[in-house]
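Here's the structure, in structure tokens; my notes come after.
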Amino acid sequence: MTVSHRHLPLILLLALPGFVSLRPVALGAQQWPIHDMNRPLPPVVDPGTAGRPPSDAVVLFGTDELSQWRMKNGQPAQWKAEHGYIEVAPGSGDLVTTRSFGDCQLHLEWAAPIPPRGEGQERGNSGVFLMERYEVQVLDSYRSRTYADGQAAAVYGQFPPLVNASRAPGEWQEYDIVFHRPRFDRVGKLVSPARMTVFHNRVLVQDDVELVGATAHGQRAKYSVHPDRLPLLLQDHGKPVRYRNIWMRELPER
Ligand code: MG
């Protein structure tokens, strides 16, 4: 293939590591004429009925078994799985998926324990960690006060939810999360931060926020380089929080 000199500056620009996140914007939308019938059509997906996974989702927990999960320490899954939900086994450790994910859409449902016990961070605490390190807080925040960046649906330690859409403990609550992983260059320097959009019980609570770094407790978050794909993690914070109907759609890299 011959490359005309006219295109050289663009090609050199695309080769720069820092340009990675801009490439799809530059070439994606504008490479097709408007309304071109030859433009590839999106794949067909059966959206399922309300509450059920779409046909292209990876079902991580649908019935009563934990085949898609293990403990963070590598042991077989020890949390309870019965009656259509998973329950944190306090003190057993965090649960992770056997598969790894990068950019994704995640749906799950959770319920805080009844009767409610403890106050603030001690009340039904768990957490949904994308890539084992970026936490959307799970907490009973129904008529229960804690620090804003640590309540239910907060990006823990970084962004309080826009509103508190919590349901009462014992009731099933939904999270729908769109996550884009951070990008690092070849020497491990951050090129673009992780981003998250979160709906809590169908209410928008995180609007495409740019994460400051990996979740940390009591200190500012910061990034350190990690693989492009890592497991989803559910946190054991010592409370018998329940989860059900967990599914993931992998998103195309952009
Ligand atoms: Mg937590």
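Observations on the structure shown:
- For first residues located in the range 107-123 and within 14 Å of Tyr142 (Cβ to Cβ), partners that are part of a strand (DSSP E or B) and within 15 Å of the ligand (Cβ to nearest atom) and lie 6+ apart or on another chain with Cβ distances below 6 Å form the pairs Trp110/Val138; Trp110/Gln173; Trp110/Tyr243; Ala111/Arg242.
- Qualifying residue in the range 170-185 (condition: touching a His at 6+ places or on another chain (Cβ under 6 Å) and among the charged types (D, E, K, R)): yes
- Scan of the range 117-149 for residues that are touching a strand residue (DSSP E or B) at 6+ places or on another chain (Cβ under 8 Å) and either away from the ligand (no atom under 11 Å from the Cβ) or of a type in the set (Ser, Thr, Tyr) (or both), ordered by number: Ser126, Leu130, Met131, Glu132, Arg133, Tyr134, Asp149
- Residue match in the range 163-178 (condition: within 15 Å of the ligand (Cβ to nearest atom), out of contact with any Lys or Arg (no Cβ under 8 Å at 6 or more places or on another chain) and free of Cβ contacts under 8 Å to residues at least 24 places away in the same chain): no
Coordinate-derived values only; no laboratory data. What you see is a predicted model, and the numbers here were worked out from it, not measured in a lab. A quick note on method: Cβ atoms are made from the backbone with ideal geometry, for glycine too, and the neighbour counts reach across all protein chains shown.
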